[in-house]
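The values are calculated or read from the model by the stated rules, or taken from the named source; none is laboratory data. Just so it is clear, the structure is predicted and the values come from calculations on it, not from any experiment. Here the Cβ positions follow ideal geometry from the backbone for every residue, glycine too, while neighbour counts run over all protein chains shown. Side chains are part of the model used for accessible areas, which takes the heavy atoms of the whole protein and leaves out ligands, DNA and RNA. Shrake-Rupley method; radii C 1.70, N 1.55, O 1.52, S 1.80 Å.
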Amino acid sequence: MDSVDTLYQYAWLIPVLPLIGAAVVGTGLVSYGEATNKLRQPVAIFIVSLIGAAMVLSFAIFWSQWQGHAPYQAMFEWASAGDFRIEMGYTIDHLVALMLVVVTTVAFLVMIYTDGYMAHDAGYVRFYAYLSLFSSSMLGLVISPNLLQVYVFWELVGMCSYLLIGFWYDRKPAADACQKAFVTNRVGDFGLLLGILGLFWATGSFDFEIMGERLTDMVNVGSLPASVAAIFAILVFLGPVAKSAQFPLHVWLPDAMEGPTPISALIHAATMVAAGVFLVARMYPVFEHIPTVMTVIAYTGAFTAFMGATIAITQNDIKKGLAFSTMSQLGYMVMAMGVGAYSAGLFHLMTHAYFKAMLFLGSGSVIHGMEAVVGHDPVLAQDMRLMGGLRKYMPVTAITFLIGTLAIAGIPPFAGFWSKDEILGATFAVNPALWAVGWLTAGITAFYMFRMYFSTFEGSFRGNDEGIRRDLKRAQLQKMGMSLGPGAMNPQELTLDAAHDDHDDHDDHGHHAHEPHESPLSMIFPLMALAVPSVLVGLIGTPFANYFEAFIHPPGEVFEAAEAAEAFDWSEFALMAGSSVAIATVGIIISVLMYRTKAIDPRAIAAKIPFLYNLSLNKWYIDDIYEVVFVQGSRKLAKQVLEVDIRIVDGLVNLAGLVTLVTGEGLKYLENGRAQFYALIVFGAVLGLVLLSGVT
């Protein structure tokens, strides 16, 4: 047996290694909590070493697949009853190899970063246990060979997301955010479960390829209506809609920023939210033969991309701005899948994972530096109106953030340019209207990302401006339903500040500096490491030498790199790429004029278009609509059900009890233990019956 085959036989270790780490540390926390919490550095080294080993294995498998090794699958029977059999196991193919590398590299760098970011947090060890459990769940999802096993890990990933978003559960916003994420994802997951059951009922299999073949045959011969097949497929698509934050189940993602920043980078930029796009890719054999479903996927992605971008342009919280950016970029990936640009969508998934993880970690570095000045209030530490001029204090963070900004804006030769341009080119060939939406969104993306960069790193530092601080605190308190009178600070505000300062996630020992500072090496090293793929990784997917598409191509299709190179049209590429770079340049120029040179006053523009400004600022009022329709509506329904329960159900029960009580009280006088009295009752009853029969 050669070493390559041995490598594949032990591929199951990739998700198991971080699972062992989570199990060991978790058991220690449950059994010997106080002692385990003191082992901070040993735990970090243990967990990081395990994910590092998984990363090395992943790279080895990726290289083997790149060299042409055949896909590998190992299965075992998990349950059987008569003809019914369920198999579990793992599979390794080109898509799996790519995803394993993406997940393990980002997880490895995020875990290194975590050591600096969470250095003074009381839950440091618990956080590492959660991170390791999440990494294991995501890796298990990636190597799953069938839809049923995907669903098992899908739910585990959701549970880890709930734990990590609500990591600081003593903060009400964090507790609310994890509940919102959990409930919203349950809606999508219920649709996914129904779709899985429907497809199994129709095809008798959970295997992706077999489901696709049988479903297509059944629709072609007429044994299954095409509309029913479309319904099953759309129900499955509801899972990715929730997990990848697509409209209308996107509302949880911005609120999920209440979790620690490493989570935002790992889960909400690079891995978990990409699981939805990954599942669409895995389900491609089913989806691609149902035009209705492909259309739904494409339009959902395009609308989400545009909506996310239009909301991001008015966000002042640096993490929420990046969250809406993530939602928008995921929309691009989903749109690509819907128009049949399978490899383009996955290419953007890979490039986006690196530069968006870097941007989120960069925002965490900024927050870490800001907390030294403004304290531990996330409202102040994350608001870009208090930032500015940070490039002077945090040069490494600024440079890496600028690289990420150029990448996501689609400026060549950065990674985002190649992947986004490929999506736009493929979309234009299928549906010019969707291309127009994606093209306009590209311009908006460049605008809001450079707005974010200029507001944070250029100009003068505003962190010590007491006027801005007071205005932000006032707005925060008003949002929480507290009123601020004139004059001195409201006592409630003092209480609020104390509550924030008591929770030391990045302790500066109670001393606030006058200026921010660069983050420690454990935080800036991952930024520098992620900057490399953010610049270079796009070069493997250039349209004139597309090694990525040669490696990742739709299942069932043969991709000939030589034919693709011959078919490449320079004039078409120049036109499409030129148009996307042109709109991005326009967005950057407008951002420069507004936020760098101050030649245009954004407040004056907002005043002229108050409806559009408020639409963006209030996130298209989707959250407000859901609050009225679902939250308040469900409460009203619950109250009405309670009324019915009290008045009718309880009333009937109480009436039955009352009748029993009254009759029992009446009949007890007939029970005195005297035989003559009982005989008299019997005689009276018989006499009554005789008289009654005589009358009739």
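Listed by position, the helices (runs of 4 or more DSSP H) inside the stretch 320-420 whose residues that are of a type in the set (Gly, Ala, Ser) number at least 2 are 342-374, 395-409. Of the residues screened, Pro254 is one that is in contact with a Phe, Trp or Tyr (Cβ under 9 Å, 6 or more places away or on another chain) and of a type outside the set (S, T, N, Q).
Screening the stretch 616-696 for helices (runs of 4 or more DSSP H) wholly inside it with 1 or more residues that are in contact (Cβ under 8 Å) with a residue 24 or more places away in the chain and open to solvent by less than 100 Å² (accessible area, probe 1.4 Å) returns the ranges 622-626. Of the listed requirements (1) outside any helix (DSSP H, G or I); (2) under 30 Å from Tyr621 (Cβ atoms); (3) of a type in the set (D, E, K, R), Asp170 misses just one: (2). Note on the stretch 1-91: enclosed helices (runs of 4 or more DSSP H) holding 3 or more residues that are in contact (Cβ under 8 Å) with a residue 12 or more places away in the chain are 3-9, 13-31, 40-66. Does the stretch 250-273 include one or more residues that are more than 11 Å from the chain's Cα centre (by Cα), open to solvent by 40 Å² or more (accessible area, probe 1.4 Å) and touching a residue at least 12 places away in the same chain (Cβ under 8 Å)? The answer is yes, given that some residue of the stretch 250-273 is more than 11 Å from the chain's Cα centre (by Cα), open to solvent by 40 Å² or more (accessible area, probe 1.4 Å) and touching a residue at least 12 places away in the same chain (Cβ under 8 Å). Being free of Cβ contacts under 8 Å to residues at least 60 places away in the same chain, over 26 Å from Tyr90 (Cβ atoms) and of a type in the set (A, V, I, L, M, F, W, C) is a property that Phe190 has.
Of the residues making up the stretch 22-44, those that are surrounded by 17 or more Cβ atoms within 10 Å (Cβ to Cβ) and more than 10 Å from Ser132 (Cβ to Cβ) number 4. Kindly indicate the residue of the stretch 131-174 that is touching a residue at least 12 places away in the same chain (Cβ under 8 Å) and of a type in the set (Ser, Thr, Tyr) and also surrounded by the most Cβ atoms within 10 Å (Cβ to Cβ) among those meeting that condition. Across the stretch 131-174, the extreme among qualifying residues is Ser135. Of all the listed residues (Phe551, Phe573), the sole one being aromatic (Phe, Trp, Tyr) and modelled with pLDDT of 85 or more is Phe551. In the stretch 404-413, the count of residues that are in contact with a Ser or Thr (Cβ under 9 Å, 6 or more places away or on another chain), among the β-branched types (Val, Ile, Thr) and over 19 Å from Lys473 (Cα atoms) is one or more. Filtering the stretch 372-394 to residues that are under 14 Å from Ser455 (Cβ atoms) and of a type in the set (Ser, Thr, Tyr) leaves nothing.
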